[in-house]
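What follows is a set of notes on a single structure, which appears directly below.
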Amino acid sequence: MSSSRSETAYQRAAAAFRNPTLDLLHGRYAPFVVTALSLVFTAERPAVAVSDAHVEVGEIADELRAAGCDEPERRVPAGVGRDICRYWVRVGWLVPQIEDAQEVYRLSAQAVGALEIAGRTGGGRARVSRSRVRTLLDSVDQLAQDAETDANARIARLTAERAAIDAEIDRLMRGEAEPVDDDQLLEEAENVLHLSRELPADFARVAESIQAMQRDVVADLRRDIRPTGDVLREYLHRGQHIMQATPEGRAFAGALALIGDPEHIDRLTDQIHDLLALPFARLLAPDQRGELNVIAKRVEQGVAEVLTAQRRASHVITAQVRTHDPARDREVDELLRDVMSGMQAWMRDSRAGDRVEPLRSLPSAGVAHLRQTLADPRPPSAPDPLADADAAEFPDADDRAWGGPRYAELEALVAGLGAEFDLADAFAASGARRPVDLVGLLEIAHRGVLVDGDAVSVVEAERPDGTTRRFAFGAVTASAQEDA
């Protein structure tokens, strides 16, 4: 039994030391990491542009090396700021993000927690005080009240609290108020600082849990082979209720009711400013006063960070769902697997100096008649000459009857009408009485000079099937075309 408990405790401790928080504090370059991160990332500057972070971390490393902090017991990592920051991203201390079309670094929840532990251990007194014990007792008392199910017991508790409040009011009205000494106020201020230092890490953990859930949802969506309608309904619902998808998100949603209202933040800011104006605030160290002054800003930034992560995750999930195509995703997955298989096969037979020539352009299709450019409107070859219409053969006379105008007959008719003729009279005198022949006659007459009259001409055309149709148009007198 003892061995089993020891082994379980050891495994639990080993797992804790694999956490990036303890790894940061236990690492060889821990003092440098804490120094650089605390200088680059502050409450007023939670996100830093990637290029700026590289420069600033490099400058800090150079200054410490020049100051002699590169001794074996006080090591500074080698490399420039970019290499150092990239390593921190790889081990989970920095999180790269895109904000306002710019790539920035943010501290991970583990890094924030490590900085809080280092600051609390190196710069403050960890002591049992009245304010900390009261915070514990108030928390236990609130838990007991929330867990109480007996209505009579709750009523009795509330009645006792009201009686105590009424007694305090009576005592104050009698002028029996006793001022709280500065030492007690100082203890309570230190307790407030102790509690506030844990908030940034808590906010960062909520944001990272939402981002992790977003990645899991997108990965699950790519593997989902159910009908598209079912997929859309489920994943859109998860995108809309993303805050309820993780334990951290649900806890934050409850806390948001207390700190999400801008009026609450403004009241907290005013209260802190009033406290800093009191005499006891002079007992606080300068860094403690500065830390106390930015509590409201820390809360506001933490809430904004979580809500931004929520909006980004909802947007990503919704966009993925709207473009979800299982067939296309499977094709992409198969293509990537083929590429990886080919790479593995090449690695087995390749040598260190072998190179792979990249595919710089896709091959063009070898189709002879495919136009190579859109800039040349000319056809690739001249079209075949048109066959003589008079030489065309029709298997059936009815086919020709339903065809176009008989130009040869119409031109012979016009040639015998003299210098001028009325178009309606010419059509009535012609042997071709179809509607298309009227159009052909107008086309031939248009080669000369047309004169419109005021009267209205009416002609009756007959189709090959015997049906008739009357046409009315402005009277037209045509002159025969003169030979050139």
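Summary table
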| read-out | value |
| --- | --- |
| Taking Met213, Met340 and counting other C-beta atoms within 10 Å, the order from fewest to most | Met340, Met213 |
| Region 405-479: radius of gyration over Cα atoms, expressed as a fraction of 2.2 N^0.38 Å | 1.03 |
| Relative exposure of Thr35, Thr149, Thr8, judged by other C-beta atoms within 10 Å (fewest first) | Thr149, Thr8, Thr35 |
| Residue order, fewest to most beta carbons within 10 Å, for Ser479, Ser196, Ser6 | Ser6, Ser479, Ser196 |
| Other-chain or far-sequence residues with amide H under 5 Å of Val476's (modelled H) | Leu423, Ala424, Gly453 |
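All of the numbers you see were taken from the coordinates with simple rules; none came from a lab. This is a predicted model, so every value here is computed, not measured. Every residue, glycine among them, receives a Cβ derived from its backbone with ideal geometry; neighbour counts consider all protein chains shown.
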